[in-house]
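One structure is given here, and the rest of the page talks about it.
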Amino acid sequence: MSKYEAVIGLEVHVELKTDTKLFCGCSTEFGKEPNTQVCPVCLGLPGSTGILNKKAVELATKAGLALNCAIGTYTWFDRKNYYYPDLPKGYQISQFFRPIAYQGYLDIEVNGQSKRINITRVHIEEDPGKLVHSGGSITNSHYSFVDYNRSGMPLIEIVSEPDISSGEEAKAYLEKLKANLEYAGVSDVKMEQGSLRCDANVSVRPVGTTTLGVKTEIKNMNSFRAVQRAIEYEVERQIDILEDGGRVIPETRGWDENKGITVFMRNKENPDYRCFIEPELTPIQLTEEWIEEVRASIPELPDARRKRLVEEHGLPDYDAGVITSSLALAEFFDATLKKYPDAKTISNWIMGELLRLLNAHNMELNEAKITPDGLAALLKLIEKGSISNKMGKEVFEIMFKEGKDPDQIVKEKGLSQISDEGQLAQIIAEVIAKNPKSVQDYQSGKKQAIGFLVGQVMKATKGQANPGVVNTMLQERLAK
């Protein structure tokens, strides 16, 4: 790799969070029976004419602003002509000549190094339908069905400059892009439901040259991790070809998640879409006043929120980055902080126990039953010494699965921590009596021996003794 460098650009399609489609009143709800959310407009039937969804324009503008773009005050739609079974009209309504947003950027950080990824354009277009293949993919299917529920869904396409140099940078860019759009309320950005889809254009060239290499396009990547792995594989594949004296062929390749390789799909062509201005839709004229109103409606974005958590609440930058990587996580943190004013303790539990359980169960935060109020109540119990930190983790798991109040769980499980010296005195006396060697070791200067004695008390109380109180009481008694 030291002889070559990768040149990568990403094309990201994002479904806008509207109730109805781009040019008709059909629902955008996900998961309905195939071809039940269609009408003459989104089916492209002759004579049907649509009306532009104003909310889609607002969200596209908001997306552009959230990505540091300039906004075009005068734009229009174009017809992008091509034939494919999932495109019922035989053309797609898009913004080919003048996008609604352009010249933006996102700053990412990889391995402690900051880098700016420039964004060429953000344009609005309608989504085609969805092909449902009989096999695992189009390449090994005997037939395919078409579901037009997705046809006409409002999309934005976000095209980056070829500023990305690795799969790791691509993943970081996508994570930042997803977070900004989610915070801005533009889309639910659920990759597993297809509301965020990414294609990668990948090429390599000798280090020190400026001429771009031959690029391939990678499709069918269903996670950010898949994007990273697919790019890393494709870069190595192209380097191997060049090192063997071959040449890279421009083609579209799919990502095979199971095999961890990219596979040939079709030759990459530069089709003539014969684009021209859509004659049945009027141009879009935006005023500066309206654009500023949209800008004012954008809530605090990830970078600003991260800075606030560091400066106002004293969180380490790493903690703040993890917390703000997801809007749901950031809101959970802020809500907990209102009830328990120790930011670092909250972040420790979120980054430790909460994220561990979410990953272990492959769940989203909104699927877990724990609440910010519940976590705050649990942390107060630990702070008061009612339960130990170890017990708290046990209680947390039950809260995560069942949503119960921590006080209720502590009572049901008998997990109350014993801090009363009167209750502990007899147990400590028995431990001292049964372990004369450890007592002698401690009194002869081997101070670490007290750890064994504390452990014996914890064992005798089934972990319910307050270890701090036990440690203090043992030291007092062994000093006599």
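Only the coordinates and a few stated rules stand behind these numbers; no lab work does. These numbers come from a predicted model, not from an experiment. Ideal geometry is used to build each Cβ from the backbone, glycine not excepted, and the neighbour counts take in all protein chains shown.
Just a few scattered comments:
- Taking the C-alpha atoms only, the angle from helix 421-434 to the longest principal axis of the chain is near 70 degrees.
- Whether segment 421-478 is rounded, prolate or oblate, judged on the alpha carbon gyration tensor where a/c under 1.5 counts as rounded: prolate
- Backbone geometry of segment 333-347 corresponds, through the Karplus equation with coefficients 6.51, -1.76 and 1.60 at θ = phi - 60°, to 3J(HN,Hα) couplings of 4, 4, 5, 5, 4, 5, 9, 9, x, 10, 4, 5, 4, 4, 5 Hz, x marking Gly and Pro.
- Mean-position separation - Cα centroids, segment 15-55 and segment 196-252, in angstrom: 35 Å
- Close amide H partners of A101, meaning residues 5 or more places away or on another chain with modelled amide H under 5 Å apart, are G72, V122.
- Note, ³J(HN,Hα) from phi for segment 23-28, Karplus 6.51, -1.76, 1.60, rounded to Hz, x at Gly and Pro: 10, 8, x, 5, 5, 9
- Remark: spin-label model distance Y105-K307 equals 1.5 nm, labels positioned 7 Å along the Cα→Cβ axis.
- Estimated FRET transfer efficiency (S144, A328; beta-carbon r; R0 41 Å; 0.05): 0.70
- Taking amide hydrogens as placed 1.01 Å from N in the peptide plane, the amide H of E278 sits under 5 Å from those of F77, D78, R79, each at least 5 positions away in sequence or on another chain.
- Pair A429, K390: separation of 7 Å Cα→Cβ label points (nm): 2.5 nm
- Rounded FRET efficiency, nearest 0.05, which uses the C-beta distance separating Y83 from I51 and R0 of 30 Å: 0.70
- Ranked by how many other Cβ atoms sit within 10 Å of their own Cβ, fewest first, the residues I158, I93, I427 fall in the order I427, I93, I158.
- Cα shape, the chain, gyration tensor, a/c 1.5 rule: prolate
- Added length on full extension, which subtracts the Cα-Cα distance from 0.36 nm per residue, T73 to D405: 114.2 nm
- Neighbour-count ranking [beta-carbon atoms within 10 angstrom, fewest first] of M391, M351, M221: M351, M391, M221
- Using 0.36 nm per residue and subtracting the Cα-Cα separation, the extra length available between K344 and D244 on full extension is 30.6 nm.
- For the chain, DSSP calls about 95 percent of its internal beta bridges antiparallel.
- For I164, residues with placed amide H under 5 Å, excluding near neighbours: I8
- Ranked for footprinting exposure by Cβ neighbours inside 10 Å, fewest first, S223, S134 give S134, S223.
- Length gained on full extension, E383 to I261: 38.8 nm, using 0.36 nm per residue less the C-alpha separation.
- Mean separation of Cα pairs under 8 Å and 6 or more residues apart, divided by the residue count, gives the chain a relative contact order of 14 percent.
- Segment 75-159: C-alpha gyration tensor shape, a/c 1.5 cut-off, then a/b vs b/c: oblate
- Whole-Hz couplings from phi, Karplus 6.51/-1.76/1.60, listed for segment 117-127; x for Gly and Pro: 9, 7, 10, 5, 7, 10, 10, 8, 7, 8, 7
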